[in-house]
Amino acid sequence: MTAVVEIDGLLKTYRRRGRRHRALAGFTMTVEQGQVHGFLGPNGSGKTTTLRALLGLIQADGGAMRMFGRLVPGALPDVVGRVGAVVENPRFFPGFTGRDTLRLLADAGGVPPGRVDAKLELVGLADRARDRVRTYSLGMRQRLAVASALLKDPELVILDEPANGLDPAGIREMRQLMRDLADGGTTVLFSSHLLAEVQQVCDAVTIIAGGRRVAAGPVEDVLASHTEDAVRVRLA
Ligand code: ATP
């Protein structure tokens, strides 16, 4: 197995109104190529901080991170074209159609326009591509955001809480999309605080609590050794 993401001993302390708050206390995680990897933990456990540090959006205080074997953030310019990410609430022009939105982003990113329709198809938006984004549900906007992250044909896709705020149908569609991506050879790393979501879609999981890894491994192994109740308690 090849590790696509390796995080070792990550540290991050925020300073808030003069007080120090330790968000990551030596967090460690490995994501293997071609898998859907669920990054699971309760609110405030450090998931977003980890993903933002990995993508160079914030600076960690210590530890080592690698993507595709290259140390990041130092080597980010060399690997950034191989990574697609949605780590913030996507903001789109509501008056644009889904297709025009992606065309604009493709143009800005130097991506051939011919790729736009394939990505809309992949995320299940082909039949709504000519409708304005203002008519899209939250789930459809999330999938449009994933489509934008896929424009460069990344080998790794990182999604922060992709199911957040979605209704059950939206969650199912997002789950299917992540599965389809992995089946097509793309590695997917996504965060969640919903155990059910992780169980059904993941090959492997890492559980974080209080800025530390509390469990990791193939999803069946982790759930077998951490009974559902125990995981639920951790996630409460
Ligand atoms: P959620 O699911 O709520 O997004 P999370 O697991 O992603 O949670 P983080 O957002 O990484 O967790 O937050 C970890 C801790 O760091 C929390 O206690 C949070 O309040 C704190 N924190 C996050 N961002 C900042 C910031 N910019 N300034 C100060 N504290 C922060």
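The values are calculated or read from the model by the stated rules, or taken from the named source; none is laboratory data. Owing to the predicted nature of the structure, the values given are computational and were not obtained by experimental measurement. Backbone-built Cβ (ideal geometry, glycine too); neighbour counts: all protein chains shown. These area figures cover heavy atoms from the full protein model, side chains too; ligands, DNA and RNA do not enter into them. Shrake-Rupley method; radii C 1.70, N 1.55, O 1.52, S 1.80 Å.
Below is a table of values for the structure above.
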quantity	calculated
Fraction of accessible area attributable to carbon and sulfur, the chain (%, probe 1.4 Å)	47 percent
Nitroxide proxy distance, nm - points 7 Å out along Cα→Cβ at ALA126 and ASP61	5.1 nm
Where labels lie 7 Å past Cα in the beta-carbon direction, separation of LEU104 and ASP153 in nm	2.6 nm
Residue-span extension gain [ARG22 to THR2] - 0.36 nm each, minus C-alpha spacing	4.1 nm
Summed residue charge, Cβ within 13 Å of LEU10's Cβ, Lys/Arg positive, Asp/Glu negative	+4
Solvent exposure, largest accessible area first (probe 1.4 Å, DNA, RNA and ligands not counted), of SER192, SER148	SER148, SER192
Sites PHE96 and ARG179, calculated FRET efficiency, Cβ-Cβ separation with R0 30 Å, nearest 0.05	0.55
0 to 90° range, to nearest 10: angle between helix 168-183 axis and the chain longest Cα axis	90 degrees
Rel. contact order, % - alpha carbon contacts under 8 angstrom, at least six apart, segment 15-124	13 percent
Accessible area, probe 1.4 Å, largest first, for residues ARG213, ARG130, ARG143	ARG130, ARG213, ARG143
Virtual paramagnetic centre 7 Å along Cα→Cβ of ARG82, amide N under 11 Å, in segment 144-184	155-156
Potential lengthening between SER225 and TYR14 on full extension [0.36 nm per residue; Cα-Cα distance subtracted]	72.7 nm
With DNA, RNA and ligands ignored, accessible area of THR2 (1.4 Å probe; Å², nearest 10)	80 Å²
Of the trypsin sites (Lys or Arg not before Pro) in segment 1-84, those whose Cβ has at most 14 other Cβ within 10 Å and which sit in DSSP loop	ARG17
Loop-located chymotrypsin sites (Phe, Trp or Tyr not before Pro) in segment 27-110, at most 14 other Cβ atoms within 10 Å (DSSP)	none
